[in-house]
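The values are calculated or read from the model by the stated rules, or taken from the named source; none is laboratory data. All values derive from a computational prediction rather than experimental measurement. A quick note on method: Cβ atoms are made from the backbone with ideal geometry, for glycine too, and the neighbour counts reach across all protein chains shown. Side chains included, ligands, DNA and RNA excluded: accessible areas come from the protein's heavy atoms. Shrake-Rupley method; radii C 1.70, N 1.55, O 1.52, S 1.80 Å.
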Amino acid sequence: MRAYLLRRLWQSAVTLVGVSILVFVILRVVPGDPAKMLLPEGAPPSAVEELNRHLGLREPLWVQYEIFLRSVVRGDFGQSFQYRAPALRVVIERVPATIALAVAAMALTVVVGVSLGVLTAVRQGTPWDYGGTVLAVLGQSLPNFWLGIMLVLLFGVTLRWLPTSGFGGWASLVLPSVTLAAFPTALVARLTRASLLEILGQEYIRTGRAKGLGERRVVLRHALRNATIPLLTVLGLQIGTLLGGAVITESIFAWPGMGKLVVDAIFFRDFPVVQTILILSATIFVVINLLVDLLYTVLDPRIRYG
Amino acid sequence: MLTLDPANHYSISSTSVLRHVYDPLLDVTNDDRFVPALAESWKALNNTTWRFTLRKGVRFHDGTPFTADSVLFTLKRVRDNTKLIKSFVYQDIDDVRKDDDFTVTVTTKRPFGSLPARLTMLGMLPPAAGAHEEAFFTKPVGTGPFRFLSWTHGDHVELEANARYWRPSIPKVDKLTVRFIPELSTRAAALRAGEIHVIDRVWPDMVATLKATAGIKVLDTPAVEAQRWHFQLAREAGKDPRVRKAVSLAIDRNTIIKELLLGYARPVVSPIPPGLIGHTTLGQKPYDPDRARAILKQAGFQNLTLDFVLMKDLYPKQLEIAQAVAAMLGDVGIKVNIRNLEIATAREQRTAGNYDLFYSGWAHMPHDPDWYFGQWFTRAGAEKMTRFNDPRVEQLIAEGRVPDPKVRQQKYEEIQKILWEDEPEIWPYYSVAIYAISDRLRNFEARRDYYVLLHEVGIA
């Protein structure tokens, strides 16, 4: 186990260095000139050149990377071109809103998704099952922006129950998290249903029932626990998506999260911000994957790493 | 909204916030008059020397007085620190001298007739800002009608009224919150839900919905912006004046204005929009596809293909308009290849010269055309853009840089006559700025320069 852990940690470090090189090179190879994006269209070429020099973009690529690595080791991810402030600070300011939205959406996904999955599985073939399946299909097929705007119009404009947008208080969290959770909830519901149905047909479930266990205990203690394993993989990956992939939801709800920040940063060629976000999120991804792999061993004693 | 430093951004939304915190030396009204702000008066002593008399008794929000030292600090800072985004706007300033506490003389490297206009874009800072700039701009002070309270990045800025503002009984409200809502549908929803009082940058197709909502007014005004699609003048198609003429004749501008922009645009009668120095009336460009076909045939251009490059999602309805133009040009036998590229990529393609026609607009931000001419119609400016090069025009632009408005008007008229004939660009329409507001708002002015300025606005 210890050797396995060390090997995984070493692999993770190599992955992260690889990611940093890839991000660094790709950003500088794609067309687009940061100084031009900062200056208005009518700025003279000399001003563009001067600003690019100030931004350190006239050094050879490997020199730029070396400077970058040295600073990162010191915890300095460079100055954001757009915000004219430390990139790490610009990114960290977006963390609370990002986490709040991701956690809320994740909670919805797990609670609603798993419940819906269990309900449709144990009531297979009944109207409950059909209704739940319709909901799940809708959740997976409604485009995010459409759902978001409809929710804003209904609950923000017509009913005035909830704020239309912005970040402040619990009420403002409802519409964005529902919008963001729609897809993963549907995914989790369908996955739960499928794997639960498969497990409910297994021998040991029959044994459980035969020895007189209550249906509730059979489903929740024995079947659901085993159905959780494929779910965990999906949920682990979804956390990453919820953290970084909420761009559309963030745009619709003017939510000051990281998704919108990274898209704008790519758009305006704000290299330090893009680098910071991608490297941080790669780190989070790697760590979560590691944790999920370790969790398997806890949930299923048959899985052992050597 | 990117920064609280008035010299370090080039963004309309940042200006809409920061103009409430900082005052410039001069202001520009919605009818394009330059009026006193922190300078009470100004005068060109000769072609390269300007004298500014400053307003007395003005204080920054921290209590320090506004004096000539503030002007010296602000102007020298923006000129010398070329890291600042607005630095290039003030490069022609040679020296800034303090004659006494309330008189400043500015000398320029060459005639700089647009100096007053350009000074409307620069908020005055206290000299103490220089000591710890980074700290200063996290909690900045200006002389403006509102004090800075807080900024939640990506969400909102909070300002509170400056009770000692130098203009009497201004501002009219105690608190001002500016929210940043990138998506127009959400902006409109927040206004309709009564969460906010003003929204800017409304697109024509949103107007009907907003007008139908009780308690909301829609306001529009001709902007200081002319759309201009420029030719790459060194490529085969753009190089030939007959091709440019044919393209111009083949475009039905009125249909674009009426059908696609729903009337929220104005026909162009000269490259400079009305109200600005240099505007004149040269008539409207005709729509005549038959003549376009004849010209192309005579010039021997069969199977001409144009690359029409767009900067993705930048201008209202641009893709629909470009598609309509492609159909109109197709009608006279020119094939149009629409390339809708991400902004940074499009601009790289332009520098590389990989386009025939480039979809763009020009907002004459300081309400003065000197910049437009200097950038697009001088060899140095246009070299990596349109490849425009005409010594006559270049000469006239230099002559038009003097402070005398009569001379400027005359030179600019001459320039535009040449351009109108030569058509290095297509000017399809003047843009219209659209805003929507709560009908409880008083004295709101729909600005031509897209800024939202709420100095005099009150709530009923």
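General remarks:
- Given charges at Cβ of Lys, Arg, Asp, Glu: chain A dipole, positive-most of A:Ile199, A:Ala85, A:Leu235: A:Ile199
- Within 10 Å of each Cβ in A:33-40, the average number of Cβ atoms from other chains: 5
- Computed 3J(HN,Hα) for region A:101-117, one whole-Hz value per residue from the Karplus formula 6.51 cos²θ - 1.76 cosθ + 1.60 where θ = phi - 60°, is 5, 5, 5, 4, 5, 5, 4, 4, 4, 5, 5, 6, x, 5, 4, 5, x, glycine and proline marked x.
- Distance between region B:357-386 and region A:57-122 - C-alpha centres, whole angstrom: 38
- Residues in region B:350-386 reached by a label modelled at A:Val29 [backbone nitrogen below 16 Å; 7 Å Cα→Cβ]: none
- For B:Glu40, nonlocal amide neighbours, meaning residues 5 or more places apart or on other chains whose placed amide H falls under 5 Å from its own, are B:Thr53, B:Leu54, B:Arg55.
- Whole-number Å³ per residue for the convex hull built on Cα positions in the protein assembly as shown: 195
- Surface accessible to a 1.4 Å probe, per residue, for the residues of region B:12-163, Å²: 36
- Residue separation of A:Leu142 and A:Glu49 scaled by 0.36 nm, minus their Cα-Cα distance, works out to 28.9 nm of gained length.
- Rounded if a/c under 1.5, otherwise prolate or oblate - chain A, Cα gyration tensor axes: oblate
- Note on B:Asp62 and B:Thr221: the model spin-label points, each 7 Å out from Cα along the C-beta direction, lie 3.4 nm apart.
- 20 Å cut-off, amide nitrogen to a point 7 angstrom out along B:Gln298 Cα→Cβ, residues in region B:414-428: B:420-424
- Value of relative contact order over chain A, rounded to a whole percent, pairs C-alpha under 8 Å and six or more apart: 26
- Relative counts (whole %) of C-alpha pair distances in region B:12-163, using bins that are 10 Å wide: 11, 41, 37, 10, 1
- Between A:Leu197 and B:Thr82, the FRET efficiency estimated from the beta carbon spacing at R0 = 51 angstrom works out to 0.15.
- For a straight C-alpha distance cut-off of 23 angstrom, the lysines reachable from B:Lys417 (same-chain residues fewer than eight places away being disregarded) are B:Lys239, B:Lys245, B:Lys285, B:Lys406.
- Charge dipole (debye, nearest 20) of chain B; +1 at Cβ of Lys and Arg, -1 at Cβ of Asp and Glu: 260
- Residues in region A:88-127 that a label on A:Val234 would reach, taking backbone N under 20 Å of a point 7 Å out along Cα→Cβ: A:102-126
- Potential lengthening of the chain between A:Val63 and A:Arg206 amounts to 44.9 nm, from the contour at 0.36 nm per residue minus the alpha-carbon distance.
- Between the residues B:Gly63, A:Pro44, A:Ala181, the greatest Cα displacement towards the positive end of the dipole of the protein assembly as shown, with unit charges on the Cβ of Lys, Arg, Asp and Glu, is found for A:Ala181.
- Pairwise FRET efficiency - B:Ala212 versus B:Ala128, Cβ, R0 = 45 Å, nearest 0.05: 0.30
- With the largest listed first and rounded to whole Å, the semi-axes of the equivalent ellipsoid of region A:104-161 from the Cα gyration tensor are 26, 13, 11.
- Alpha-carbon centroid distance for the pair region B:1-68 / region A:153-178, whole angstrom: 39
- Gyration tensor (alpha-carbon) shape descriptor, chain B, a/c threshold 1.5: oblate
- Average accessible surface for region B:222-432: 38 Å² per residue, computed with a 1.4 Å probe over protein heavy atoms with every protein chain in place.
- Sequence-ordered 3J(HN,Hα) estimates for region A:287-300 from the Karplus curve with 6.51, -1.76 and 1.60 and θ = phi - 60° stand at 5, 5, 4, 4, 4, 4, 4, 6, 4, 3, 5, 6, 6, 10 Hz, glycine and proline given as x.
- With contacts taken as Cα pairs under 8 Å and at least 6 residues apart, region A:148-202 reaches a relative contact order of 22 percent.
- Estimated dipole of the protein assembly as shown in Debye, rounded to 20 [Cβ of Lys and Arg +1, of Asp and Glu -1, Cα centre]: 1780
- Accessible surface, region A:193-306, averaged per residue in Å² (probe 1.4 Å): 48
- Total accessible area lost when A and B pair, probe 1.4 Å, Å² to nearest 100: 3700
- Nearest-20 debye value, region A:151-306 charge dipole, Cβ charges on Lys, Arg, Asp, Glu: 760
- Members of B:Lys43/B:Lys411; A:Lys36/B:Lys211; A:Lys260/B:Lys139 lying beyond 27 Å, as alpha-carbon distances in this model show: A:Lys36/B:Lys211
- GNM flexibility winner over chain A from A:Leu154, A:Leu187, A:Leu224 (Cα, springs under 10 Å): A:Leu154
- Largest GNM mean-square fluctuation among A:Gly78, A:Gly113, A:Gly257, using chain A with Cα springs under 10 Å: A:Gly78.
- Only one residue of B:Gln232, B:Gly330, B:Gly361 has its Cα farthest out toward the positive end of the dipole of region B:222-432, where Lys and Arg carry +1 and Asp and Glu -1 on Cβ, and that residue is B:Gly330.
- Treating r as the C-beta distance of A:Leu220 and A:Ile288 and R0 as 35 Å, the FRET efficiency rounds to 0.85.
- Label sites at B:Asp313 and B:Asn47, each approximated as a point 7 angstrom past Cα along Cα to Cβ, lie 4.8 nm apart.
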